[in-house]
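Since the structure comes first, as structure tokens, the remarks are kept for the end.
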Ligand code: AMP
């Protein structure tokens, strides 16, 4: 495929502010794809060359890209830097240089999608000595044959500045439309994607196997499954209601969620966000080799640091030090981990996800041998509130977060937040007890004292999985330090876009719109009705946060689709108003 098809699609995507149009633009590109190149399009759309779980990142810094631009178009570095200052985007710099160069060399080899993808893939996977120069050469090779528009996007990809904001659901919907005729097959594709969290592979499988084939996709060892998520509640009664009067209550450990794959001696460890973390947990990997029996298995557990002397668990801040501060070896020595396994999804060729929880749990209890590191999550079976309450209290007493109740009859529901798992946590009762994870969709330039930072506040949104959009719920201006304000501006400028993103629904304007990409955690005093915000819009008003303040910086562990959802917001609103609401006043 001519790469021009791709760059023209990118340009159309960049211009649209309608989500449905976004789907149809994508769909027409997918219709032109073949089973040998569709995965390339899917990855490039999201600025990648492989699924996130592979850890394969193109990762070229600005300096390297500048060098490549300078060599490809025969201008010196100073000129590239000068243009960069002027245009503020290396993609535009390359575009401009490519258009002036075009007049000099009329004949160049046509640039294909395959060629661009292959070179970028090699750049991403090259290592070792001399790699840097080879990477630049590979990049020059595709840049020099680029049309101006091609150059714009080719340069933005390795810098992570494509800013198209094409989420997984958007891709799935467009694939459904292109391959099966309309958007209604998204759920079937999504089911395959939940088992094999690699969009490129799903696209290829869908093309190769068709609709029937895609329905039968099963997990694959080495490729992560999208994790089941828990609903939350503040009522033990509700737990019993939702689980039909009887449930399993498990201790909720506050550590790292790990999805572990084993095939003989080969071990893969994935985080909740499905990043490959095998290197960070050599101690867990060797415990798995020692203690986990089946030859081939995919299971899940929570790893948490504990004090070997007292047997007490450490808070999350200590567990996470493995990621932040220390070298892995040192952390493993100082803060050994225990792994509490809580589910098993695949074993020796069999997809176990459709079995009811009880059956999976009894398999889980047989896949391990006793040892120092791995044991099943503690659990009880409860039929009444008193039993749940006692278990909850005993967990909290031991420094755990709370409990997770599980519906005994429910399958493992990959990739979704359903009532099969319900978390009940210890809450610090502030006015509104829970925090919200919100997506940044734009920002306001600072005024007054904030002018020096260039950012005075941000517009944030909840996620609405029903139509795959982000609906605004608050402007947040407090909770950031001065350094954070400047840092936030720098980070957001890298993903700024000229108009509201098509997946964002907003009734208010901002100074700068951004791609919906980053999540922050926010605490507020109250949820109120508001005519300004679009979250839970009922035709007249939506829901908004009163006195919101940031309690985290950008969350590295959450993507935009992991943000608090509209339904969760409504749930929180209802809970807060349960006493206040008089009949007829509330539409929810
Ligand atoms: P939350 O992170 O608050 O949404 O709560 C769900 C998380 O609890 C999961 O993603 C796991 O990381 C963690 N967790 C701890 N213990 C368990 C357990 N026994 N079963 C399932 N999840 C658990």
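From the set of residues in segment 233-265 that are assigned to a strand (DSSP E or B) and surrounded by fewer than 18 Cβ atoms within 10 Å (Cβ to Cβ), which is nearest to the ligand (Cβ to nearest atom)? Before the answer, list the steps.
If we filter segment 233-265 for residues that are assigned to a strand (DSSP E or B), which is where we start, we get 247-252, 256-263.
Remaining after also requiring surrounded by fewer than 18 Cβ atoms within 10 Å (Cβ to Cβ): 257, 263.
Values: 257: 3, 263: 24 Å.
The qualifying residue nearest to the ligand (Cβ to nearest atom) is 257.
Restricting segment 436-458 to residues that are surrounded by fewer than 17 Cβ atoms within 10 Å (Cβ to Cβ) and not in a helix (DSSP H, G or I), which is modelled with the lowest pLDDT?
Residue satisfying both the conditions and the ranking: 447.
Please identify the pairs in which a residue from segment 468-495 that is closer than 17 Å to residue 536 by Cβ has its Cβ atom under 7 Å from the Cβ atom of a residue that is in a helix (DSSP H, G or I), counting only partners at least 6 apart or on another chain.
Matching pairs, first to second residue: 468/169; 468/170; 469/19; 470/560; 471/566; 473/569.
Mind checking whether some residue in segment 500-510 is surrounded by 20 or more Cβ atoms within 10 Å (Cβ to Cβ) and part of a strand (DSSP E or B)?
Yes - at least one qualifying residue is present in segment 500-510.
Please enumerate the residues belonging to segment 370-383 that are more than 24 Å from residue 333 (Cβ to Cβ) and either over 31 Å from the mean Cα position of the chain (by Cα) or outside the structural domain of residue 289 (by TED's automatic domain parsing) (or both).
Quick first cut of segment 370-383, residues more than 24 Å from residue 333 (Cβ to Cβ) only: 376-383.
Passing the criteria: 380, 381, 382, 383.
Assuming residue 84 fulfils every condition listed in (1) at pLDDT below 95; (2) under 22 Å from residue 10 (Cα atoms) apart from one, which condition is it?
(1)
Show the residue pairs that are 6+ apart or on different chains and have beta-carbon atoms under 7 Å apart, the first residue being within segment 394-412 and on the phi > 0 side of the Ramachandran plot and assigned by TED's automatic domain parsing to the domain that holds residue 357, the second being assigned to a helix (DSSP H, G or I) and within 12 Å of the ligand (Cβ to nearest atom).
Short answer, once both residue conditions are applied: 402/395.
Take the residues in segment 399-416 that are within 12 Å of the ligand (Cβ to nearest atom) and part of a loop (DSSP other than H, G, I, E, B), then tell me which one is modelled with the highest pLDDT.
Going residue by residue through segment 399-416, those that are within 12 Å of the ligand (Cβ to nearest atom) are 400-406, 412.
This time we only want the ones that are part of a loop (DSSP other than H, G, I, E, B), so: 400-401, 412.
Details: 400: 83, 401: 82, 412: 97.
Ranking the candidates gives 412 first.
Find the residue count for segment 383-398, including only residues that are within 14 Å of the ligand (Cβ to nearest atom) and either modelled with pLDDT of 95 or more or surrounded by 15 or more Cβ atoms within 10 Å (Cβ to Cβ) (or both).
Applying the first criterion (within 14 Å of the ligand (Cβ to nearest atom)) to segment 383-398 yields 391-392, 395-396, 398.
Narrowing the set further to residues that are either modelled with pLDDT of 95 or more or surrounded by 15 or more Cβ atoms within 10 Å (Cβ to Cβ) (or both) leaves 391-392, 395-396.
Residues flagged as within 14 Å of the ligand (Cβ to nearest atom) and either modelled with pLDDT of 95 or more or surrounded by 15 or more Cβ atoms within 10 Å (Cβ to Cβ) (or both) within segment 383-398 amount to 4.
Considering each residue of segment 459-473, count those that are assigned to a loop (DSSP other than H, G, I, E, B) and under 14 Å from residue 559 (Cβ atoms), and give that number. Even if it seems obvious, please write down each step before you answer.
At the first step, the residues of segment 459-473 found to be assigned to a loop (DSSP other than H, G, I, E, B) are 465-468.
Narrowing the set further to residues that are under 14 Å from residue 559 (Cβ atoms) leaves 465, 468.
Summing the residues that are assigned to a loop (DSSP other than H, G, I, E, B) and under 14 Å from residue 559 (Cβ atoms) in segment 459-473 gives 2.
Residue 349 - would you say it is within 30 Å of residue 494 (Cα to Cα) and in contact with a strand residue (DSSP E or B) (Cβ under 8 Å, 6 or more places away or on another chain)?
Numbers: within 30 Å of residue 494 (Cα to Cα): no; in contact with a strand residue (DSSP E or B) (Cβ under 8 Å, 6 or more places away or on another chain): yes.
Judged against the criteria, residue 349 is not a match.
Identify the single condition in (1) over 30 Å from residue 243 (Cα atoms); (2) modelled with pLDDT of 95 or more that residue 367 does not satisfy, given that it satisfies every other one.
With respect to (1) over 30 Å from residue 243 (Cα atoms); (2) modelled with pLDDT of 95 or more, residue 367 is out only on (1).
The values are calculated or read from the model by the stated rules, or taken from the named source; none is laboratory data. Quick caveat: nothing in here was measured; it's all calculated off a predicted structure. A quick note on method: Cβ atoms are made from the backbone with ideal geometry, for glycine too, and the neighbour counts reach across all protein chains shown.
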